[in-house]
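What follows draws every value from the coordinates through simple rules; no lab data is involved. The structure presented is a predicted model; accordingly, all values stated were derived computationally and were not measured. FYI the Cβ positions are ideal-geometry reconstructions off the backbone, even for glycines, and counts take in every protein chain you see.
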Amino acid sequence: MDFTFTEEQQAAAEAARAVFAGVAPDGVPSPSLVPGAVADDFDRALWTRLADADLLSLLLAPSYGGSGLDAIALCLVLRESAKVLARVPLLESSAAAVTVQTYGSEEARTDLLTRVGRGEVVLSVAAHGRTGHDPAELAVTAQRDADGTWVLDGVQTAVPWAYDADYIVVPATAVAADAGLTEAPQVGTARAGADHVLLALVPRVHEGVVLAEQISTAGERLAELRLDSARIAARDVIDADGAWEGLRELLTTGTCALALGLGEGALTMTGEYTGKREQFGHPIASFQAVAMQAADRYIDLRAMEATLWQAAWRISSGATGALPSAGDVAVAKIWASEGVRRVVQTAQHLHGGFGADVDYPLHRYHAWAKHLELSLGPAAAHEESLGDLLAAHPLG
């Protein structure tokens, strides 16, 4: 079997390395964790360079000015972005755009996709539900009026780049107009309608849409998205089987790619530091205890990488197997959430006091790693999900 990347995928990774070369972590020389957000906006200059390198349109078809590549190519670029903690909505905008391309209306595709690829329109996704612990599709309800307009009500928490995006893709549960619901359906109720989930392209500035500021573990500006009878035209609503599941899996796999790149960046920084820091006349990298810890974290990264590419390949190829693609995604999440935590903890330990110095960029890697770990969720939950899949799809 040939496990090498295609020429097009390798070209995307090389272009990404060129764009991100010289970018300091978070786009500033020495950012500090402060009570407010790190910045009021993402790195627009970097966003423009990504657009110029055609990296914002990787997954889009040539008819929309894109390269027509797959999730593997996107993950290769995300991996490079996370090595320098690039503050750009590359994952969310790319995942939302390819979802619109695959499932959206002709009007939405024509209006948005070319502009997304040029960096003129930014998309984000509300994927964390009301609390961050419940299914996102149950946090918002959607009812259809007689004229075809969809009316959305509910709350989504921790929406990334919400204050900077032009549109936010919001999953919602469709309910009958006469259902009499006054709030979002609860998990396990007969009206939850989990088999009828739609996606709405909600403009950031729109009647019935309110953003409330939240600050992430990494000091980034998020938003609680509140929808109060927000009316969305039918052309901006995706009502197709598999749309939300595909978007969710791509977002999750992309987050695993970010965790891998972040871990590689932190371990590289640690290798450089331990190679220069001397004790008893020798670099501490030559000490067995240091070398063994670094080697363990290298093994973590290789396991994160192997499971990431397996998940990305399943999503890209649509290949069938003994388990659905959700199984491969669950395995990737297990390694990413646990692995990135172990990598940054070891990195801080081997840096000694420098690991906690806010004037040294390693503390930003730790903060971002914790944010990614929380976004992915605990490994135990993914192990339980994997167990459920194995029970439903016995092997052999």
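Among rounded, prolate and oblate, which fits segment 92-135 when a ≥ b ≥ c are the square roots of the eigenvalues of its C-alpha gyration tensor, a/c under 1.5 means rounded, and a/b larger than b/c means prolate?
Prolate is the answer for segment 92-135, as a/c is 1.5 or above and a/b outweighs b/c.
So what are segment 243-392's ellipsoid semi-axes, whole angstrom, largest first, if each one is the square root of 5 times an eigenvalue of the alpha-carbon gyration tensor? Before the final figure, lay out each step's value.
Working: eigenvalues 228, 43, 29 Å².
Over the Cα atoms of segment 243-392, the ellipsoid semi-axes are 34, 15, 12 Å.
Quick one: among PRO25, PRO283, PRO89, which has the greatest mean-square fluctuation in a GNM of the chain with alpha-carbon springs under 10 angstrom?
PRO283
Which is farthest toward the positive dipole end of the chain among MET292, GLY148, LEU46, measuring Cα position about the Cα centre, with Cβ charges +1 (Lys, Arg) and -1 (Asp, Glu)?
MET292
What residues qualify as long-range amide H neighbours of GLN214, i.e. H under 5 Å apart, gap of 5 or more or another chain, H built at 1.01 Å from N?
LEU222, ALA223, GLU224
Quote to one decimal, in nm, the extra length available between VAL210 and HIS133 on full extension: 0.36 nm per residue of separation minus the C-alpha distance between them.
Contour length minus Cα-Cα distance gives 25.6 nm.
Excluding same-chain residues fewer than 8 positions from LYS370, which aspartates and glutamates have a Cα within less than 14 Å of its Cα?
Here the aspartates and glutamates satisfying the reach criterion relative to LYS370 are GLU220, GLU338.
Per residue of segment 270-282, what does 6.51 cos²θ - 1.76 cosθ + 1.60 with θ = phi - 60° give for ³J(HN,Hα)? Whole Hz please, x for Gly and Pro, Karplus curve as stated.
Each residue of segment 270-282 in turn: 5, x, 5, 5, 5, x, 9, 6, 10, 9, 6, x, 9 Hz.
In the chain, if the dipole is taken from +1 on Lys/Arg beta carbons and -1 on Asp/Glu beta carbons about the Cα centre, which of LEU113, GLN310, HIS349 is farthest to the positive end?
Positive-most Cα among the choices belongs to HIS349.
Multiplying the sequence separation of ALA306 and GLU278 by 0.36 nm and subtracting their Cα-Cα distance, what value in nm do you get? Kindly include the intermediate steps, with their values, before the conclusion.
Working: separation 28, 0.36 × 28 = 10.08 nm, distance 3.42 nm.
Full-extension gain reported as 6.7 nm.
When PHE42, PHE354, PHE3 are ordered from fewest to most other Cβ atoms inside 10 Å of their Cβ, what list results?
Fewest-to-most Cβ neighbours within 10 Å comes out as PHE3, PHE354, PHE42.
With axes computed from alpha carbons, what is the tilt in degrees of helix 288-317 against the longest principal axis of the chain, rounded to the nearest 10 within 0 to 90?
It is inclined by approximately 30 degrees.
Just tell me the longest site-free run in the chain, where the sites are GluC sites (Glu not before Pro) in a DSSP loop having at most 16 other beta-carbon atoms within 10 Å. Kindly include the intermediate steps, with their values, before the conclusion.
Details: sites that count: GLU120, GLU183, GLU207.
Here the longest segment lacking exposed loop sites spans 208-396.
Based only on other Cβ atoms within 10 Å, what is the fewest-to-most ordering of VAL169, VAL175? Kindly include the intermediate steps, with their values, before the conclusion.
Details: VAL169 29, VAL175 20.
By the 10 Å Cβ count, ascending, the order reads VAL175, VAL169.
Given a Förster radius of 25 Å and the C-beta distance between LEU374 and ILE299 as r, what FRET efficiency does 1/(1 + (r/R0)^6) yield to the nearest 0.05?
On the way: r = 24 Å, r/R0 = 0.95.
FRET efficiency, LEU374 to ILE299: 0.60.
With everything on Cα atoms, drop me the angle between helix 7-20 and the longest principal axis of the chain, reported from 0 to 90° to the nearest 10.
70 degrees
Treating only the Cα positions of segment 7-121 as identical point scatterers, give the base-10 log of I(q)/I(0) from the Debye formula at each q in 0.13 Å⁻¹.
-0.50
Using only the alpha carbons of the chain, determine the length spanned along each of the three principal axes and report them from longest to shortest in whole angstroms.
Dimensions of the chain along the principal axes of its Cα atoms: 80, 53, 41 Å.
Using helices alone, what [θ] at 222 nm do you get for the chain, with -39,500 (n - 2.57) per DSSP H run of 4 or more residues, divided over all residues and rounded to the nearest 500? Don't skip to the end; give the middle numbers.
Values: 10 runs with 182 residues, N = 396.
Rounded to the nearest 500, the figure is -15500 deg cm²/dmol.
Quick one: LYS370, LYS276, fewest Cβ neighbours within 10 Å first, how do they rank? Please report the intermediate quantities before stating the final value.
Details: LYS370 16, LYS276 10.
Least crowded to most crowded, the residues run LYS276, LYS370.
Note the angle between two axes, namely the Cα long axis of helix 71-83 and the longest principal axis of the Cα atoms of the chain, as a number of degrees from 0 to 90, rounded to the nearest 10.
It is inclined by approximately 50 degrees.
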